[in-house]
Structures are given as C-alpha cells and as structure tokens.
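Below is one structure, written out as structure tokens; the observations come after it.
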Amino acid sequence: MSVVVRLGTARAEWWRDALQDLLPEVEVRLWDDPGDNAEVEYAVVWKPPAGGLKAFPNLKCIVSMGAGIDHLLADPELPLHLPVIRTVGSDLRQRMREYLALHVLRFHRRLPDIEAAQRRKAWDQIITPPAPQRSVGVMGLGNMGADAARTLVDLGFTVRGWSRRPKRLHGIKCFHGEEQLDDFLARSEILICLLPLTPATEGILNRRLFAKLPKGACIINVGRGRHLVEKDLIPALDSGQLGGATLDVLHVEPPAEDHPFWIHPKILLTPHIASLIDPESGAKVIAENLKLFMAGKPVPDMVDLKQGY
C-alpha cells in the first residue's frame, strides 16, 4: 500500500521523509510523482486541486494536514464517502496558546500605542487595567478554542466563550447559539475567532457583529479568512468602533501588494503562523492516526463531514 503527500513544494520532501520514517510498512510518495494511482490507499493533503483526490480509485482515507477541512470541502468532486481525519495535537495547541497569549496581551497592554509613542519620542505612561478587569471573548470552543480559553483564564483574564452547542468549561462563562450571541458580544473587549468555517460561520465577522461589541474592541482572527467580511473591517477601525485587528488568515494568502490591510495602522497581519504545523511534530500525529485507522481502531480526530468539522 502507498500514502501520497500533497503540500507546497517548500516542505513536501521533508514531510515525505518524516512520514516514511514513522510508517516503514508503507511507501510514502509525493503528489507530483505518485506512481501507479491505483496503489495509493491513503492521501495526506493540504489544499489539493479540485478533482485531484478522485484520481486515486482505491483511496481508503483522507488526512487533512491541519485542524480545518474547508480546503477539502471546497473540492466539488471530493469523494464524500471516504473517511477524513484532521490533524491536531499538543504541539499545535501549544503554538496556538502562545500566539493568542501574545496578541491578547499586546492589545490588553496597548502595545501599539506604546510603539506609536516611541516613534513620536513621547514618554507616555499608558495605564491599563489588570487582566481580571479585561473581558476576552472566544468564538469556537473546540479543542483549540477551549485550550486557548483556559490559557487566558490562567493569565487572569475574564474569559467568555461562544459555540454552536452548549459547552461547560471551568472558569469560563459559556454562551451558545444565535439567541445568546449578542449577550456574548456585548462584553467582549478582545474578540478571538477560532470557529470552524461552515456555511453558518462564513462572513460572521461583519459590520453588524462589530456594532455589537464594546466601542474600541479589538479582534483576533485565527480561524479562516472567509470568517471576515474584509470590506467591513477598515470602516469599523476608522470610526473607532474597533480599536485594532490582528489577522493571521485572509481570503487570499498572501494578499495582493495593493491590499489596504498591509498599510493600515490598526491592522497587524501575520502570515498564517498561529499554529503552523511542522513535519517533525505533525508527522507523528498523522502517523499515529493512520496506524489506528489501518488497525481498525477508533481514531479520535475523525471528521463529521456533514457538520464540516
């Protein structure tokens, strides 16, 4: 049997070699050189081209090289009968914890204002409240979201969470469903989006949502680019309804050179690095999941395609 790997050319061979070391019983091949397609039984992919997966007639399973599967669902010819495994793990959660702690604290302690004062050669002692007096809202309480929320509680923040279904998390006030969304937003001074991308969540970060946040609230989007209605962001920042935005994901990555987000003073762009998976740690998670699947054992990271996550 064979496993085919699809990723950008920069790290494809690194991924292949890491997986091959961990799965010596199979042959790991690159997407661009798969050999006989009929021999390929497992596909480990990120953003495969439309119709690409159906070219392997004997596939038994698809592995997403990340927590999201929207890149698979974008394929109109995706073989929907195949099981799909997403890739999460302690390394990815640690990276997300680090990223969100950094950027929540950046807004909380008003670091952009301090940096601006330095550029003016102004010795402004900006006073901020302690963390328990700052309310942080986390949209999406799956593995990543719940873990991030607990980390922020440990830092002392007042944390509120929102999800589609009811959740109970120690130390976190949880909201759920459309009927509780407005109450959740009303006190979210720093709003984090960690939602899965589904038809129900696409475009959820829009002018109507911004208007329900406290004036001057900041947003951090580490979900998917299409959660944000991009044309609504700059007017909300320029009006003062939003105080700042950190965006790790965009509709098009990287954005065009003339995209206004590059130069807006209240926007920080990071190049999709919040929880960037690397071959050394990611291959271990993928190999373990594939071994469980091949042995007919339950795989904890199996996806429900009907829900989209």
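The values are calculated or read from the model by the stated rules, or taken from the named source; none is laboratory data. From a predicted model like this one, the values you see are computed outputs, not experimental measurements. Positions of Cβ are generated from backbone atoms using ideal geometry, with glycine treated the same way; all protein chains shown enter the neighbour counts.
Residue-level check: of (1) within 21 Å of the chain's Cα centre (by Cα); (2) touching a residue at least 24 places away in the same chain (Cβ under 8 Å), ALA236 misses just (1).
Give the number of residues within the range 222-264 that are of a type in the set (A, V, I, L, M, F, W, C) and assigned to a helix (DSSP H, G or I).
So in the range 222-264, the residues of a type in the set (A, V, I, L, M, F, W, C) come out as 222, 228-229, 233-234, 236-237, 242, 245, 247, 249-250, 252, 256, 261-263.
Then keep just the ones that are assigned to a helix (DSSP H, G or I); that gives 233-234, 236-237, 261-262.
The total comes to 6.
Checked against the criterion of being within 20 Å of VAL104 (Cα to Cα) and in contact with a Cys (Cβ under 8 Å, 6 or more places away or on another chain), the candidates LEU242, LEU247, LEU268, LEU276 yield just one match: LEU242. Here is a check on your reading of the model: is LEU169 touching a strand residue (DSSP E or B) at 6+ places or on another chain (Cβ under 7 Å), under 19 Å from VAL153 (Cα atoms) and either modelled with pLDDT of 95 or more or not assigned by TED's automatic domain parsing to the domain that holds GLN133 (or both)? So LEU169 passes the test.
From the list ARG187, ARG165, ARG160, ARG208, which one is of a type in the set (Lys, Arg) and touching a Gly at 6+ places or on another chain (Cβ under 7 Å)? Steps first, answer last, please.
On the way: ARG187 fails: touching a Gly at 6+ places or on another chain (Cβ under 7 Å); ARG165 fails: touching a Gly at 6+ places or on another chain (Cβ under 7 Å); ARG208 fails: touching a Gly at 6+ places or on another chain (Cβ under 7 Å).
Criteria check complete, one pass: ARG160.
Look at the range 61-80: where a residue is over 17 Å from LEU250 (Cα atoms) and a partner is outside any strand (DSSP E or B) and of a type in the set (Ser, Thr, Tyr), sitting 6+ places away or on another chain with Cβ atoms under 7 Å, you get VAL63/THR87; SER64/THR87; MET65/THR87. Could you list, in sequence order, all residues of the range 234-258 that are more than 21 Å from ARG208 (Cβ to Cβ), surrounded by fewer than 16 Cβ atoms within 10 Å (Cβ to Cβ) and not charged (D, E, K, R)? Answer for the range 234-258, where residues must be more than 21 Å from ARG208 (Cβ to Cβ), surrounded by fewer than 16 Cβ atoms within 10 Å (Cβ to Cβ) and not charged (D, E, K, R): VAL252, PRO254, ALA256. Can you name every residue in the range 131-144 that is modelled with pLDDT of 95 or more and among the small types (Gly, Ala, Ser)? Scanning the range 131-144 gives ALA131, SER135, GLY137, GLY140.
Residue under question is LEU100, and the condition is that it be hydrophobic (A, V, I, L, M, F, W, C) and closer than 18 Å to ILE69 by Cα; does it hold? So LEU100 does not fit the description; no. Out of the range 81-93, which residues are more than 19 Å from ALA55 (Cα to Cα) and without any contact (Cβ under 8 Å) to a residue 12 or more places away in the chain? Listed by number, the list holds a single entry, SER90.
For every residue, the table says whether it meets (1) free of Cβ contacts under 8 Å to residues at least 12 places away in the same chain; (2) hydrophobic (A, V, I, L, M, F, W, C); (3) under 25 Å from GLY66 (Cβ atoms).
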position: ASP182; (1), (2), (3): no, no, no
position: LEU194; (1), (2), (3): no, yes, yes
position: GLY216; (1), (2), (3): no, no, no
position: LEU228; (1), (2), (3): no, yes, yes
position: ASP232; (1), (2), (3): no, no, no
position: GLY243; (1), (2), (3): no, no, no
position: ASP248; (1), (2), (3): no, no, yes
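Of all residues in the range 130-186, those satisfying the criterion of being among the hydrophobic types (A, V, I, L, M, F, W, C), under 18 Å from the mean Cα position of the chain (by Cα) and closer than 26 Å to VAL303 by Cβ are VAL138, MET139, LEU141, MET144, ALA146, ALA148, ALA149, TRP162.
The rows are residues; the columns are (1) surrounded by 21 or more Cβ atoms within 10 Å (Cβ to Cβ); (2) touching a Lys or Arg at 6+ places or on another chain (Cβ under 6 Å); (3) over 26 Å from HIS251 (Cα atoms).
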position: LEU185; (1), (2), (3): yes, yes, no
position: ILE190; (1), (2), (3): yes, no, no
position: LEU197; (1), (2), (3): yes, yes, no
position: ALA200; (1), (2), (3): no, no, no
position: ILE204; (1), (2), (3): no, no, no
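Please verify whether the range 38-54 includes one or more residues that are small (Gly, Ala, Ser) and either in contact with a strand residue (DSSP E or B) (Cβ under 8 Å, 6 or more places away or on another chain) or at pLDDT below 90 (or both).
Taking every residue of the range 38-54 in turn, at least one turns out to be small (Gly, Ala, Ser) and either in contact with a strand residue (DSSP E or B) (Cβ under 8 Å, 6 or more places away or on another chain) or at pLDDT below 90 (or both).
Restricting attention to the range 277-297, the residues that are part of a loop (DSSP other than H, G, I, E, B) and in contact with a helix residue (DSSP H, G or I) (Cβ under 7 Å, 6 or more places away or on another chain) total 1.
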